[in-house]
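The values are calculated or read from the model by the stated rules, or taken from the named source; none is laboratory data. Treat the numbers as computed from the prediction; the structure is a model and nothing was measured. With ideal geometry, Cβ positions are generated from the backbone for all residues, glycine too; neighbour counts draw on all protein chains shown. Accessible surface areas use protein heavy atoms only, side chains included; no ligands, DNA or RNA. Shrake-Rupley method; radii C 1.70, N 1.55, O 1.52, S 1.80 Å.
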Amino acid sequence: MNKKDIAGLRRQLKVDNDLLKISDIFNVYIMKETTDIYHYQSQPFEMLDRDQQELFIKNFKKLLTGQLNEKLFELKFKREAESQLILHKGLLSSGVEDWMDQMLLMTEKMIKDNPYEKDVVITFIKAEYLKPMKKRNDEAEESERDAVYSHPFILCSINKTQEAKRELVFDYVEKAFKYNIDVDSVIDLDTPMTGFLFPCFSNGASDVNHVLYSAKKANEPDHRFTEDVLNSEHTITAKEDKEVFEEVIKDVMGDQLTPSTLANVYREINTMVEENEEDEEPKLDYKNVERVLNQSGGSEKVESEKVKAAFERITANESYELKASSVVPKYKSKSIKIQTKVANISISPQDLEYVRQVNYKGKRCIMIEIEEDAEIEGFKMLPEAFGE
C-alpha cells in the first residue's frame, strides 16, 4: 500500500458512507497484569448508536494516521504464518461464531506471555471498502459507483483504559463530605496503542500476503508484536534506512560534502520517489546509490565496487535495499538542519544549492544566496558591503 491507498481508505472512514460497509464489531476486554480474557462481545456495527459509531470511526482513523515506514508499516508475512491463516479465515467467515472464534485466536496470540500494565480493549471490525474504478464524469450516463473494486478487510485497534476517578464530593442534602469513586473503566479511543489492517491492497487488488501495522510511536515498532503476533518478517524503519544511507555515503565519499552535492543527491532520489508515487515504492541497492552519486556532481567518479563494499560493511548484506522515500527528507519541508555553535539553520533540501561555507578574513562563514531582502522579526535587514 502506498500513502494514497491509505489516505483513500481513511477518507472513507465515516458513518453512513455507502462506500464503506462495516458489518461486525468485536470487543475483547483484557484485565491488566493477566493473560486472561475477562469479557468479549460481538454485535452488528449498525446496532451501535451513532455516537458510539463515530467514536470507533475516529479511533480507526487515528490508527491509520502517520508516515509510511515511520508509523505505518506494510509487513510481509513469514512463510506459513499462523496469523495470516487466522485472519484469512476470519475474513472469509460467513457466520458470527466463526468470525469470533478466529478473532479470539488472534487475541490469544496478543496476550500470550505479555500482560499489559493497564486494562486494555482489543477491537476488531470486519468491513468492506468499495473503491470506484474510475473518476467521476458528470457528463457520462454511467455513475462512478456502477463499477467498483471491492476490498473486504479486518481492522484491529488496541486501546488502553483510563483509571477510574477518585473524588471527594459534598452532599448538599445530607450536608456531608463523601468519598466518591467511579468504578466504570473509560476506554481511551483517542490514542490507540497499536493495531493493524488485513489485507493490504493497491491498484484494485487485495494482497493477503501483507498486513499494514500501526506502531504506537514513530520509528519504534514493537518487534514482539510484528514478529510473534503477526508472524511477519523483520521491520526496517525509515530512521534505520536513513542511518544506513548516511553511513554508506560517508564510507564512500567521506564525511565532507558540499551543500550543492548533497542537494543534488536528494534531488535525484526525490525524483525517483515522485515518478513512482503511484506504483510500488522504489528501492535503492548499491547500483542505484552509485548512479545517484555519479549524477550528483561530485569531483570524482564513484566506483560501483566501492559502494558495494560499503553496503556489505555496514549492513553485512551487499544486496540490502533502502526504501527511497525513507532516505530523502520530506522535500518541501524545512527538514535539513545546518548546525553550528553560533546558530542552527533549517533549510529545505532543494535550497541547499544556495548555501556555501566560505573562508573570510581567516574565519569560516555560512553564506546563503538570496533574491530578496531578508527579514528578522518583521524587520528587513539592511545590505552591508562584504568588506565591512
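Among the residues of region 311-330, those that are open to solvent by 70 Å² or more (accessible area, probe 1.4 Å) and part of a helix (DSSP H, G or I) comprise Glu312, Arg313.
With the requirement that a residue be modelled with pLDDT of 95 or more and more than 25 Å from Gln162 (Cβ to Cβ), what does region 110-126 give you? Result: Lys126, single match.
Return yes when Ser299 is at pLDDT below 75, of a type in the set (Gly, Ala, Ser) and open to solvent by 40 Å² or more (accessible area, probe 1.4 Å) and no when it is not.
Values: at pLDDT below 75: yes; of a type in the set (Gly, Ala, Ser): yes; open to solvent by 40 Å² or more (accessible area, probe 1.4 Å): yes.
Here the answer is yes, as Ser299 does meet what is asked.
Within region 49-86, being closer than 18 Å to Val186 by Cβ and within 12 Å of the chain's Cα centre (by Cα) holds for one residue alone: Lys62. Selection of region 43-93 for residues being open to solvent by 80 Å² or more (accessible area, probe 1.4 Å), within 27 Å of Asn209 (Cβ to Cβ) and part of a helix (DSSP H, G or I) yields Lys62, Glu82, Leu85, Lys89, Leu92.
Taken residue by residue, region 224-242 has at least one member that is in contact (Cβ under 8 Å) with a residue 40 or more places away in the chain and part of a strand (DSSP E or B).
Note on region 189-223: residues that are of a type outside the set (Phe, Trp, Tyr) and touching a Leu at 6+ places or on another chain (Cβ under 7 Å) total 9.
Here region 230-271 is the region considered, the condition is being of a type in the set (Ser, Thr, Tyr) and open to solvent by less than 50 Å² (accessible area, probe 1.4 Å), and the residue that is nearest to Leu322 (Cα to Cα) is Thr237.
Would you confirm, using the coordinates I've provided, whether Tyr40 is farther than 30 Å from Thr235 by Cα and surrounded by fewer than 18 Cβ atoms within 10 Å (Cβ to Cβ)?
Taking the combined requirement at face value, the residue satisfies it.
The set of residues in region 8-31 being open to solvent by 20 Å² or more (accessible area, probe 1.4 Å) and either under 14 Å from Phe153 (Cα atoms) or part of a helix (DSSP H, G or I) (or both) consists of Arg10, Arg11, Gln12, Lys21, Ile22, Ser23, Asp24.
Yes or no: Thr34 β-branched (Val, Ile, Thr), loosely packed, with under 15 Cβ neighbours inside 10 Å and touching a Ser or Thr at 6+ places or on another chain (Cβ under 9 Å)? No.
Annotation note: of Lys71, Lys89, Lys109, Lys61, the sole residue that is in contact with an Asp or Glu (Cβ under 8 Å, 6 or more places away or on another chain) and either in contact (Cβ under 8 Å) with a residue 24 or more places away in the chain or aromatic (Phe, Trp, Tyr) (or both) is Lys109.
From the list Asp188, Asp146, the one residue that fits, being of a type in the set (D, E, K, R), modelled with pLDDT under 90 and over 30 Å from the mean Cα position of the chain (by Cα), is Asp146.
Right, Glu274: open to solvent by 80 Å² or more (accessible area, probe 1.4 Å) and within 29 Å of Asp5 (Cα to Cα) or not? Spelling it out, Glu274 is indeed open to solvent by 80 Å² or more (accessible area, probe 1.4 Å) and within 29 Å of Asp5 (Cα to Cα).
On the stretch given as region 276-285, residues that are within 12 Å of Ser325 (Cβ to Cβ) and over 21 Å from the mean Cα position of the chain (by Cα) total 0.
Working only within region 256-287, note down all residues that are in contact (Cβ under 8 Å) with a residue 60 or more places away in the chain, of a type outside the set (S, T, N, Q) and not in a loop (DSSP other than H, G, I, E, B). Hits for region 256-287 are Pro259, Leu262, Ala263, Tyr266, Arg267.
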